[in-house]
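Okay, structure first, notes after.
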Amino acid sequence: MQLPQRVSIVEVGARDGLQNEGQTVAVATKLRLIEALADAGLKRIEAGSFVNPKWVPQMADSEAVYAGLQKRSGVVYPALTPNLQGFERAITAGAEEVAIFAAASEGFSQANINCSIAESLARFAPVMEAARDLQVPVRGYVSCVLGCPVAGHITPEQVKPVVSELLAMGCYEVSLGDTIGTGTAGTMQALLEALLQTFPAEKLAVHCHDTYGQALSNILVALQHGIATIDASVAGLGGCPYAEGATGNVATEDVVYMLQGMHIDCGVDLDKLIIAGQDISAELGRRNASRAALALSAKRAQSQAGSSGQ
């Protein structure tokens, strides 16, 4: 299949990334990050999550984040909403797009949200009804599409009905999440070949964690299958809660570097993105997990040092 000429990046660092950080992140810091990401050209930036603060304390200030957003024309700031109460909070706060999430693994669904897959999907029915009434776009997530910390291997046949249900409910797009990063090019290919027999590529996105260093190869396979939406996290923000010390989301900088090398347009200024990633990494006192950002920053510093020595 022909590679897409343009790719849409869904930046999840300010939500999926920061919610996995061990330290409290100030609202002002989150707002600076979101503004820097928008300035770098990203058009889809997850800004918060309206889940129970008891379960995700890092997102307890999402109302304040949305209140402080300097929204730009053409930029969407989606919010994660697990139920009708979360949806209502998100809309009141000013979110204009929301996302809901299910899992491909019964074991993970029970462990993560204490209910079956079918029960989790049923909870979203009132959310979808309210979203239709207000004409709010809804995106869907499916966790553990290539592996599960509870059940282990996940088959495409387990993923397909969840994707089908989310699309039937009215989600405009479903993001396929390799939540623990155990997927490989081979398992990603098998999954997409199965799903694309039923669903059009434009309805699917990929959300690849880099725990085993496989994210970019998995994304390349997705591109080769016509998938043109990629989730990524600036500086690789976040972590994998099921693999101690492991990296989490694929770094947005690494995705952009790869796309630019393939002459695929994504509308992102890599230099500005690298600065945003370096700034938030410094603010959090963590090492930037983007290999491209580290290499390009070192190359630039070496070049500047050489110039100043002349």
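The numbers here are math on the coordinates, done by the rules we state, and not lab data. Computed from a predicted structure; not experimentally measured. Glycine also receives a Cβ, built like all others from the backbone with ideal geometry; neighbour counts cover every protein chain displayed.
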Note, segment 126-143: 3J(HN,Hα) by Karplus (6.51, -1.76, 1.60, θ = phi - 60°), whole Hz, Gly/Pro = x, goes x, 5, 5, 5, 5, 5, 4, 4, 9, 6, 9, x, 10, 9, x, 10, 10, 7
Taking only the alpha carbons of segment 132-243, the radius of gyration and the largest Cα-Cα distance, Dmax, both in angstrom, are 13.6, 42
Taking Lys and Arg as +1 and Asp and Glu as -1, residues besides P137 with C-beta under 10 Å from its C-beta add up to -2
For L204, other-chain or 5+-apart residues with amide H closer than 5 Å (H placed, Pro excluded) are V174
per DSSP, antiparallel bridges as share of beta bridges in segment 8-308, % nearest 5, sits at 5
Mean projected area, convex hull of alpha-carbon positions in the chain, reported to one decimal in nm², is 15.8
The base-10 log of I(q)/I(0) that the Debye equation returns for segment 64-127 at q = 0.21, 0.25, 0.27, 0.29 Å⁻¹, one scatterer per C-alpha, is -0.83, -0.99, -1.08, -1.18
Checked against a 29 Å limit on the C-alpha separation, the offending pairs among K160/K272; K54/K203; K30/K54 are K160/K272; K54/K203
Compactness check, segment 173-310: C-alpha Rg relative to the 2.2 N^0.38 Å globular estimate gives 1.15
Env charge @ Q214, Cβ radius under 14 Å, K,R +1 / D,E -1, value -2
S120 neighbourhood, Cβ < 15 Å, K/R = +1, D/E = -1, net charge -2
Answer in debye to the nearest 20: the dipole magnitude of the chain about its Cα centre, from +1 Lys/Arg and -1 Asp/Glu charges placed on Cβ, is 420
Applied in sequence order to segment 261-278, the curve 6.51 cos²θ - 1.76 cosθ + 1.60 (Karplus, θ = phi - 60°) yields integer Hz couplings, x standing for Gly and Pro, of x, 9, 6, 9, 6, 10, x, 10, 7, 5, 4, 5, 5, 4, 4, 4, x, 5
Packing-ranked peptide list from 99-105, 165-171, highest mean Cβ count within 10 angstrom first, is 99-105, 165-171
With the 8 Å Cα cutoff and a minimum separation of six or more residues, the chain has a relative contact order in percent of 20
